[in-house]
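The values are calculated or read from the model by the stated rules, or taken from the named source; none is laboratory data. The shown structure was predicted, so the numbers you read here are calculated from the model rather than taken from an experiment. Cβ placement follows ideal geometry from the backbone for every residue including glycine, while neighbour counts extend to all protein chains displayed.
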Amino acid sequence: MQAIKEARKYIEKFSADPSAEVLARFVLALENETSFTITDIYLLDYDRFDLALRILKEWRLDRYYAGKGKLFDLSMQITQLKSEK
């Protein structure tokens, strides 16, 4: 479950970065089982693209992993902050 933890740290550290916002929205879409535009992931740099794919793999393997909750909460905070601006 390294990708989930890595994503949480990345989003915390680089919350103002557009790629962190994409990853946060991606996590929210996975958690809420809603639509997400795949081209947003495709437009990320290679390292973030790879991270998104690893998140998807981990999410599918273990839907109830405890670290997901922390990442979900952080992703929600980031997207709310962006929408308030």
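Of all the residues in segment 23-70, those that are of a type in the set (Asp, Glu), modelled with pLDDT of 95 or more and closer than 18 Å to Lys9 by Cβ number 3.
A Cβ distance below 9 Å, combined with a sequence gap of six or more or placement on separate chains, defines the contacts here; from segment 15-40, residues that are farther than 18 Å from Glu58 by Cα and without any contact (Cβ under 8 Å) to a residue 12 or more places away in the chain reach residues that are among the β-branched types (Val, Ile, Thr) and buried (at least 19 other Cβ atoms within 10 Å of the Cβ) in the pairs Asp17/Ile11.
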